[in-house]
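The structure under discussion appears below in the form of structure tokens.
The values are calculated or read from the model by the stated rules, or taken from the named source; none is laboratory data. Note that this is a predicted model, so its numbers are computed, not measured. Please note: Cβ atoms are built from the backbone with ideal geometry, for glycine as well, and neighbour counts cover all protein chains shown. Protein only, heavy atoms only, side chains kept; ligands, DNA and RNA dropped before computing areas. Shrake-Rupley method; radii C 1.70, N 1.55, O 1.52, S 1.80 Å.
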Amino acid sequence: MKRSMFNILSVLILLGVVLSACAPAAEPTEAPPVAPAPTEAPADQPTTAPTEPAMVEETITIGFTSSLTGAQEVASKRQVNGFNLWMNQVNEAGGINLSDGTIVKFAAQTYDDESAKERVQELYTRLITEDNADFLISPYSSGLTAAASIIAEQNAKVMITIGAAEDDAYKTGNTSLFQLYTPGSLYLISTADMLKTLDPTATIAIVHENDKFSTSVVDGLRPYLQSQGFEIVLDEGYASDTTDFGPVINKIVDSGATVLMGGGHYPDGSTFARQLYERKTGLKMISLLVAPADSKFPELGDAALGVSTSSQWELAATHTEEEAAALGKEWFGPSGTEFADAYKAAYTDGPTYHAAGGYAGGLILQKAIMDADSVDPEKVKAALNAMDIVTFFGGTDFDTSAEAHGLQLTHVMVVAQWQKNDAGELVRKVIWPADVANAEPLYPIPAP
Amino acid sequence: MQQFTLLLASLPDGILLGFVYGLAAMGLTLIWGVMNVINLSHGPIIALGMFGTFFLFTRTGLNPYVGLIPIAIIGLLLGILIYVVAVHRVINAPHLSSLLATFSVNMIIIGLGTAALTTSPYNVDFAAGSIKLGPITLLGTRMIAALVTMLFTGGLFLFLYRSRPGRYIRAVANNRAAAELMGVPSTRILALSFGLGTMLAAVSGGLIATFFPFSILAGGSYELKSFVIGVLGGLGNPIGALFGGLILGIIESSSQAFLESSWVPVIEFGLFVIILLVRPSGLFGAKK
């Protein structure tokens, strides 16, 4: 027995040594390869006359994690696609030329955070201390960004947060965070304004995912609805991993609500929408966070019809240079159409707001480096603090107060809804604000 | 009154869902009852059943319920394979060995599944209508799932009590050594039992896929429920597991009429602990 145990152990040890020798070295996740992007560069690239002193190329490392697996996978991948498109375009256009002769190009260092906060913290620490990332981009989602922001702030690394709307992360006395998205507390305000014009007597059920982002949205929505005279007849949270919405749907029906506002992220939001349809709730409006903004949502079929969402960006309502001029603000970057065409050429799918946010995050960093005429983090930080521009994604102006540094001040949401076009296909239409809408709101939504 | 209406609306959902919980738990408890092995690969096998339904439905257009037949056969064969490769050699070893063996299988399936399928949610977009009776909505998919569960339960009962292999299984479960002395091929019977357990798990996964989204990680929560149900119904008692599933389904749905869904795991595992303390043999008695 002892000899056979010894033999087994010897074989196992030998196997372990052989496998270790054969296994590839642990590699960080490569930024996914992108189809060659069109050669069109973002606007306002400074060029340098060939007679200038010899240029020195400097590669700036942008560190971030992406959720290649886990609950945030769908939206995170789109955000990363958008960011990679920006990075490839800038590099292919020759980078950013600084006045001291430096040509700035970018490289991404990224890892799979598996949609887990614990992984985010360890990976952002690694990005800073081992990979020497010069600047950081946040992971997708408020929960993961809250974890990453602690590390960024501890190390005084500039982090542009994309896909992270929850307000509280910016109220911790930070100086290094810069939020691209409209804050969570303002997410459904536009929807409430729209509802006021459609049906001021609507009774509201608020049913939301119990996570940082969705809770911050609802915390901002609740008092606003009440101030507008709406009655909230149900107000409930659900666990993030909920798959059976039957009991809460029974509560919605029982409450007599005519409108539902809430949801969370893609997995729960899409399931919620499907089960609302199956149970024939008779709701006049269903407004869910995040999920209906994704291009996968029509896979629900008729369950998607009429579902609306607050969107950070829609191509149909993209922001324009004319809008910037009317506001007296500087315009920067490509048009929405140029971005969308480039994205579609690279990734086949049309861009969602997650992808647009990813691209815009890179654009903002680019603008900050150009304004600072430097890649020095403190100068870039100062440029970000001073920024007040309009891109195709919308307004970008950061709160610089000590209490809420980095909170986004000028970016606004639109309301989009899935409707059927003349061919009977589900398409996402912008229904609010009225001046950018390309369709009337479907209210009440068709009964199943 | 409002709470009563809510309760009335939630109970049928809980009962119908409880059937499927019970089917999943039957698989786990059958394996425990026959060979004293806790199958920690139970969850991923449920998930594989979900994916089986998904691929058969989306790639071949096969009706998800007809697709349960090949899923059941594959689940059976997979279980036999797992037994032969991972469990047989440690069947007589201390429990920790078989626990680790099945845990390893669990990790292998999850790893391969994540690599091949990612953890994006998948959906079987199959509707079977619904019946509305006042505040009660009975979904077609759940009613059919309950019916299928009853068919499988009946089939299992007939198999165990009316067939020779079934008698052999009961004999081995009772006393393996004595069964071997009577000429029962215990190794083959153990493999068959393990296969039956995984077959039930895979079929339950196939049914769950018709009403909830899933990923390769989705089986974990049903595995945990199966443990609770196994203890509730009596470890090693498949019929007890079915009733345990119904009880758990009712508790889950009715508690959510009064509390937020976040409380459900607290109640489930609180019940788990209480049963272990007060009646460890379960409500319907464990395998003797």
Next on the checklist: Using a 7 Å offset from the Cα along the Cα-to-Cβ direction at both A:N385 and B:V266, what is the distance between the two label points in nm, to one decimal?
Outcome noted: 4.5
Item to check | 20 °C / 1.002 mPa s Stokes-Einstein diffusion coefficient of region A:229-345, Kirkwood radius on C-alpha pairs, µm²/s | outcome: 130
Item to check | 222 nm mean residue ellipticity, helices alone, for chain A (DSSP H n ≥ 4; -39,500 (n - 2.57); rounded to 500) | outcome: -12000 deg cm²/dmol
Checklist outcome for this item: In whole percent, the fraction of accessible protein surface over the protein assembly as shown that belongs to carbon or sulfur atoms, probe radius 1.4 Å, stands at 62
Next on the checklist: Less than 25 Å apart at the alpha-carbon level, and either on another chain or at least 8 residues along: which lysines does that give for A:K420?
Outcome noted: A:K196, A:K280, A:K284, A:K296, A:K344, A:K429
Checklist entry - So for the protein assembly as shown, taking the charge dipole from beta-carbon charges (+1 Lys/Arg, -1 Asp/Glu), which of B:A72, B:T60, A:M387 sits furthest toward the positive end? => result B:A72
Item to check | Order by protection proxy (mean Cβ within 10 Å, highest first), peptides A:420-431, A:404-415 | outcome: A:404-415, A:420-431
Checklist entry - Between region A:219-242 and region A:397-424, what's the alpha-carbon centroid distance in Å? => result 19
Checklist entry - Mean shadow of region A:177-262, computed from the convex hull of its alpha carbons, in nm²? => result 6.2
Checklist entry - So for the pair A:D422, A:A345, with labels modelled 7 Å out along Cα→Cβ, what separation do we get in nm? => result 3.0
Item to check | FRET efficiency, B:A115 to B:A93 (Cβ-Cβ, R0 35 Å, nearest 0.05) | outcome: 0.70
Next on the checklist: Taking a cut-off of 16 Å, what percent of all Cα-Cα pairs in region A:223-280 are separated by more than that?
Outcome noted: 45
Checklist outcome for this item: Note: probe point = Cα of A:T410 + 7 Å toward Cβ; backbone nitrogen < 18 Å; residues of region A:158-201 passing the test are A:161, A:178-183
Checklist entry - Shielding of A:235-247 by partners, i.e. mean partner chain Cβ atoms within 10 Å per residue? => result 6
Checklist entry - Kirkwood Rh, Cα Rg: Rg to Rh for the protein assembly as shown? => result 1.02
Checklist entry - Between A:T125 and A:E231, how many nm apart are label points set 7 Å from Cα along the C-beta direction? => result 5.3
Checklist outcome for this item: Stretched fully, the stretch from A:E403 through A:D435 gains (0.36 nm per residue minus C-alpha distance, one decimal, in nm) 8.2 nm
Checklist entry - In percent, what relative contact order does chain A have, based on Cα pairs under 8 Å that are 6 or more apart in sequence? => result 17
Checklist entry - How many Å³ per residue does the convex hull of the Cα positions in region B:161-225 occupy? => result 115
Checklist entry - In region B:144-288, with Lys and Arg counted as +1 and Asp and Glu as -1 at Cβ, which of these residues, B:L200, B:Y222, B:A171, has the Cα nearest the positive end of the dipole, that is, farthest along it? => result B:A171
Checklist entry - Counting other Cβ atoms within 10 Å of each Cβ, which GluC sites (Glu not before Pro) in region A:74-131 have at most 12 and sit in a DSSP loop? => result A:E130
Checklist entry - Which of the peptides A:103-111, B:109-117 is most tightly packed, and how do the rest follow, going by the mean number of other Cβ atoms within 10 Å of each residue? => result A:103-111, B:109-117
Checklist entry - Cα convex hull of region A:202-250: mean projected area in nm², to one decimal? => result 3.5
Checklist entry - Sorted by packing (mean other beta-carbon atoms within 10 Å per residue), highest first, where do A:201-209, A:148-156, B:175-183 land? => result A:201-209, A:148-156, B:175-183
Item to check | Average other protein chain Cβ within 10 Å of Cβ, residues B:255-267 | outcome: 4
Item to check | For region A:165-199 versus region A:52-108, the gap between their alpha-carbon centres in whole angstrom | outcome: 27
Checklist entry - Convex hull volume of the Cα atoms in chain B, per residue, in Å³? => result 131
Item to check | Cβ-derived FRET efficiency at R0 35 Å, B:I136 paired with A:D193, nearest 0.05 | outcome: 0.45
Item to check | Taking the convex hull of Cα positions in region B:1-61, its mean projected area over all directions (nm²) | outcome: 6.6
Item to check | Choice from A:Q312, A:Q226, A:Q275 showing the highest fluctuation, given a GNM over chain A with Cα pairs closer than 10 Å | outcome: A:Q226
Item to check | Global size of region A:144-303 as Cα Rg and Dmax, reported in angstrom | outcome: 16.7, 52
Checklist entry - Where in region A:64-96 does accessible area fall by at least 50 Å² between the isolated chain and the complete protein assembly, at a 1.4 Å probe radius? => result A:E73
Checklist entry - What is the distance in Å between the Cα centres of region A:286-325 and region B:198-246? => result 38
Next on the checklist: On the principal axes of its Cα set, how long, how wide and how thick is region B:117-245? Give whole Å, largest value first.
Outcome noted: 57, 38, 24
Next on the checklist: Checking understanding here: applying a Kyte-Doolittle mean of at least 1.0 and a length along the axis of at least 15 Å (C-alpha), which whole DSSP H helices in chain A pass?
Outcome noted: A:2-22
Item to check | Dipole magnitude (debye, nearest 20) for the protein assembly as shown, charges at Cβ of Lys, Arg, Asp, Glu | outcome: 5080
Checklist entry - Taking the inverse of the average 1/r across all pairs of different Cα atoms in region B:150-192, what Kirkwood radius in Å do you get? => result 10.5
Next on the checklist: So with the 1.4 Å probe, I'd like the accessible area per residue for chain A, rounded to whole Å².
Outcome noted: 39
Checklist entry - Computed over the Cα atoms of region A:110-178, what is the ratio Rg over Rh, Rh following Kirkwood? => result 0.92
Item to check | Gain in span if fully extended, B:F103 to B:F157, counting 0.36 nm per residue against the direct Cα distance | outcome: 16.6 nm
Item to check | Kirkwood Rh in Å, taken over region A:304-427 so that all alpha-carbon pairs contribute | outcome: 15.9
Checklist entry - What full-extension length gain, to one decimal in nm, is calculated for A:T320 and A:E57 as 0.36 nm per residue of separation minus the Cα-Cα distance? => result 91.4 nm
Checklist entry - A:E378 to B:L11: FRET efficiency via 1/(1 + (r/R0)^6), r the Cβ-Cβ distance, R0 60 Å, to the nearest 0.05? => result 0.40
